[in-house]
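Student: One structure, as structure tokens, below. Some questions next.
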Amino acid sequence: MSASNTLSIAPSLADVGGPAQPLITARDLTCHFPVRSGTFAPKKVVRAVDGIDFTIRKGETLGVVGESGCGKSTTARLLIGLVPVTGGKIIYDGQELGADLSLRNLRRGVQMVFQDSFASLNPRLTIEETIAFGPKVNGVPQAEALAIARDLLDRIGLDPARFAGRYPHELSGGQRQRVNIGRALAMRPRLLILDEAVSALDKSVEAQVLNLLDDLRRDFDLTYMFISHDLNVVRFISDRLMVMYLGEIVEVGPAEALYHKQAHPYTAALFAAMPSMDPDARTQVPPLAGDPPNPIDPPSGCRFHTRCPQASAVCGMTRPKVTTLGPGHQVACHLHDPNSGHPEATT
Amino acid sequence: MTALVEIEDLTVRFSGERTVHAINGVSLSVAKGEVLALLGESGSGKSVTLKSIMQLLPGRRTQIGGRIRFDGRDVLALKGRALADFRGRDVAMIFQDPSLALDPVYSIGTQIAETVIRHEGVSRVAARSRALDMLKRVRIPSAERRLDNYPHEMSGGMRQRAMIALALACGPRLLLADEPTTALDATVQMQVLLLLRELQQEMDMSVIFVTHDIGVAVEIADRVAVMYAGTIVETGTISQIIKDPRHPYTKGLLAANLHGAVKGSRLDAIPGAPPTLEEPPTSCPFAPRCPSALPVCREARPPLVNRGPGRAVACVLEQEPAI
């Protein structure tokens, strides 16, 4: 715990398993949404998240990237119980959600910040009341909750004397997003999920908020799950990177290593789609053709095979196995599985 | 090179519950076949500049000053039929959100054909074959079938291509692009940027491309004008802006872009937020956030000083002769 911490409440949920036990373990996590296009049309299923396994270690920042519809936001919403789990398990610090841990208690340990800073604040509460709301509902006396709120306002860079009584519409986008971060921290969570939390901000304000997140992580011993489509931002903040495509994880690995060398062709394409920042070396060939396919009826075998420049016959038929390439680096691609039958597979 | 568009001392003020001085003296010129990027944050006036050229701003609440010339003609004086002729034939515009810009109750083919018939007076059949041709040029797969699709039946990237096809159907000499790739996924964004670049060269069009993303500007622009608080603070070629930014705001934007920022390092964030523009700026609008502000910055607005052909900076630090 940091010395500068003056808050009167301790982390909502104390550490159970020690530093080696992951804070979050997801096993075969699945989320399907039923859809029906017309009254008599057959029932279909959107496979938003389709059986994924991952862990978030204590104190790390896990970056999650992928195109829209890949399931990154649904994964985040599953972790905090905003959408019902279709199958699989969520284990928080050794305790299984639903069996050992109630949703109410989980939400004291896991909080979330959303992209739209305005829609996620109650317009009829002052920002001080907004931040104090969570602690109050969880039994902290009114005066103490307001003291927590004022202390947090100070921490997030909004002077309580000037800002405490303001309403969301009186703040700028960057200030509102600071309030959302403050409100999430009022519950003293251990995991903060940031779902495109800086994407709607202007670049100069985005840098301020990223610096703030870096400070808060240290001061509050936080673990972050950071979802973003901006690979520069993800590289700056993440320890590990998780790449998703159509509801599946295609690659997980150390952020810096992945930035330099990507194993999965999809990860490589994502990095290749970053603007070059050099007017003399502009991108000449688009990294991928077409849009991501519909998750209602995902392609067979490897879901990426319809857009993959290195696809072979086996990719359309068999789901690729997860291969470990190095410490903490896993990839689900036939190219890296010597027994897959892909003609270009590494041996 | 001759200028196709010349904007001189443009000012735009919105009145209503609150007065906003959105544009405060912008002068720009775009040469034939040139791609100019307007780079800036939200509220810097980049979209308002584009909409003034098209006269898309609400008439009763907007006071426009200054001059806009397109190929020698005074754009702001166009009215009625002349304005309708101008829009779509000489100048076309594409927007950030194609699902809002396209009409949901007409098929893509019908919408493109309608534009062609209005401006060129050709037959329905000829217009439809032009529509098909345009869909092929923007590389929409199985274009014949897509002609009869409605906007909601297409994916985001495809809709954006369809909107580009619609805008370019009458071969405009100037394309106004208002953040057309911002809402797209990174992989699709790059496809659309490459397509725009190719079509621009093929048709020898001028383009004004509004973006907040300096990386996108690098991919598409010949020249960049950096906007802040309704003014232009710096112009130059894309290489000059990237490699030798002169204005402190441009420098700050480049640092905040995070390109190559390594974990654990501290970002050089620009402190504070842009001004609200209820009053027109009388001093340097960036001075309150500027790390190298001098007392003189708060006294008068620094003029845009030429620093070579096509290069200009509005900063007192640049007014002394370079050593």
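Student: Over the stretch A:57-202, one equal point on each Cα, no solvent: what is log10 I(q)/I(0) by the Debye formula at q = 0.14, 0.18 Å⁻¹?
Tutor: Debye output, listed in q order: -0.72, -1.12.
Student: In whole angstrom, how far apart do the alpha carbon centroids of the stretch B:96-129 and the stretch B:173-244 sit?
Tutor: The stretch B:96-129 and the stretch B:173-244 have Cα centres spaced 26 Å from each other.
Student: Rounded to the nearest 5, what is the percent of antiparallel bridges among the DSSP beta bridges in chain B? Present the calculation step by step, with values, prior to reporting the outcome.
Tutor: On the way: 29 of 48 bridges.
Around 60 percent antiparallel, to the nearest 5.
Student: For chain A, what is the calculated [θ] at 222 nm in deg cm²/dmol (nearest 500), taking -39500 (n - 2.57) for each run of four or more DSSP H residues and dividing by its residue count? The partial results should precede the final answer.
Tutor: Details: 11 runs with 100 residues, N = 347.
Mean residue ellipticity at 222 nm (helix-derived): -8000 deg cm²/dmol.
Student: Here's another thing I want to ask about it. Just to be sure I understand the model, the point goes 7 Å from the Cα along the line to the Cβ. What's the resulting residue B:244 to residue B:201 distance in nm?
Tutor: 2.6
Student: While we're on this one: Filter chain B for me: DSSP H helices, axial length by Cα at least 15 angstrom, mean Kyte-Doolittle hydropathy not below 0.0. List them by residue number. Don't jump to the answer; show the numbers that get you there.
Tutor: On the way: long enough: B:108-120 (18 Å, -0.04); B:124-137 (20 Å, -0.51); B:156-168 (18 Å, 0.62); B:186-203 (25 Å, 0.38).
Helices meeting the span and hydropathy rule in chain B are B:156-168, B:186-203.
Student: Considering only C-alpha atoms, what is the centroid distance from the stretch A:107-172 to the stretch B:245-299, in Å?
Tutor: A separation of 28 Å, based on Cα centres.
Student: Sticking with the crude label model, points 7 Å out along Cα→Cβ, report the distance from residue B:81 to residue B:61 in nm, one decimal please.
Tutor: 3.2
Student: So for chain A, what percent of the C-alpha to C-alpha distances run longer than 29 Å? If you can, show how the numbers build up before the last one.
Tutor: Details: 26334 of 60031 pairs.
Of all Cα-Cα distances in chain A, 44 percent exceed 29 Å.
Student: Can you compute the FRET efficiency between residue A:297 and residue B:306 using 1/(1 + (r/R0)^6), with r the Cβ-Cβ distance and R0 = 41 Å? Round to the nearest 0.05. List each step's numbers first, then the result.
Tutor: Values: r = 59 Å, r/R0 = 1.44.
Efficiency, from the Cβ-Cβ distance: 0.10.
Student: Which angle between 0 and 90 degrees, to the nearest 10, do you get for helix A:127-137 versus the longest principal axis of chain A when only C-alpha atoms count?
Tutor: Taking Cα atoms only, the helix is inclined about 90 degrees.
Student: Expressed in whole Å with the largest first, what are the equivalent ellipsoid semi-axes of the protein assembly as shown derived from the C-alpha gyration tensor as the square root of 5 times each eigenvalue? Write down the numbers at each step before the final one.
Tutor: Values: eigenvalues 355, 240, 111 Å².
Semi-axes, largest first: 42, 35, 24 Å.
Student: If you don't mind, there's one more thing I want to ask. Which of the trypsin sites (Lys or Arg not before Pro) found in the stretch B:141-187 are loop residues per DSSP with 16 or fewer other Cβ atoms within 10 Å of their Cβ?
Tutor: Working: sites: B:145, B:146, B:159, B:161, B:173; in loops: B:173.
Here no trypsin sites (Lys or Arg not before Pro) fit, given the DSSP loop and packing criteria.
Student: If you take the C-alpha gyration tensor of the stretch A:211-347, multiply each eigenvalue by 5 and take the square root, what semi-axes do you get, largest first, in whole Å? Don't jump to the answer; show the numbers that get you there.
Tutor: Numbers: eigenvalues 158, 73, 45 Å².
Value: 28, 19, 15 Å, ordered largest first.
Student: Viscosity 1.567 mPa s, temperature 4 °C: give me the Stokes-Einstein translational D for the stretch A:1-137 in µm²/s, with Rh taken as the Kirkwood radius over C-alpha pairs. Walk me through the intermediate numbers first.
Tutor: Working: Rh = 17.5 Å.
For the chosen part, D equals 74 µm²/s.
Student: Compute the label zone of residue B:294 within the stretch B:224-266: residues whose backbone N is under 15 Å from the point 7 Å along Cα-to-Cβ.
Tutor: B:247-248
Student: Mind jotting down the three principal axis lengths of the stretch B:102-171 based on Cα atoms? Whole angstrom, largest first.
Tutor: Cα spread of the stretch B:102-171 along its principal axes, largest to smallest: 31, 24, 19 Å.
Student: I've got another one for you. Which log10 I(q)/I(0) values does the stretch B:1-71 give at q = 0.15, 0.25 Å⁻¹ under the Debye formula, counting every alpha carbon as one identical point scatterer?
Tutor: -0.50, -1.22
Student: Once you put a point 7 Å from the Cα of residue A:15 and another 7 Å from the Cα of residue A:116, both along the Cβ direction, what distance in nm separates them?
Tutor: With each label placed 7 Å out from Cα toward Cβ, I get 3.9 nm.
Student: Need the full-extension length gain, residue A:124 to residue A:44, defined as separation in residues times 0.36 nm minus the C-alpha distance. One decimal, nm.
Tutor: On the way: separation 80, 0.36 × 80 = 28.80 nm, distance 3.96 nm.
So the chain would gain 24.8 nm between residue A:124 and residue A:44.
Student: Let me ask you something else. Binning at 20 Å from 0, report for chain B what percent of all alpha-carbon pair distances ends up in each bin.
Tutor: Histogram of Cα-Cα distances, whole percents per bin: 30, 56, 14, 0.
Student: Can you pull the Rg over Rh of the stretch B:17-143, Cα-only, Kirkwood?
Tutor: 1.00
Student: Over all directions, average the projected area of the Cα convex hull of the stretch B:141-216 and note it in nm². Working shown, then result.
Tutor: Details: hull surface 21.7 nm².
Spelled out: convex hull of the Cα atoms, projected over all directions, averaged, 5.4 nm².
Student: Excluding residues on the same chain fewer than 8 positions from residue A:72, give the lysines whose Cα lies under 25 Å from its Cα.
Tutor: A:43, A:44, A:58, A:89, A:203, A:261, A:321, B:263
Student: Another question, then. How many percent of DSSP beta bridges within the stretch B:165-304 run antiparallel, rounded to 5?
Tutor: On the way: 6 of 11 bridges.
Of the beta bridges lying entirely in the stretch B:165-304, close to 55 percent run antiparallel.
Every read-out reported here was derived from the displayed coordinates using simple, explicitly stated rules and does not represent laboratory data. Just so it is clear, the structure is predicted and the values come from calculations on it, not from any experiment. Because the Cβ atoms are built from the backbone with ideal geometry, glycine has one as well, and the counts that use them run over all protein chains shown.
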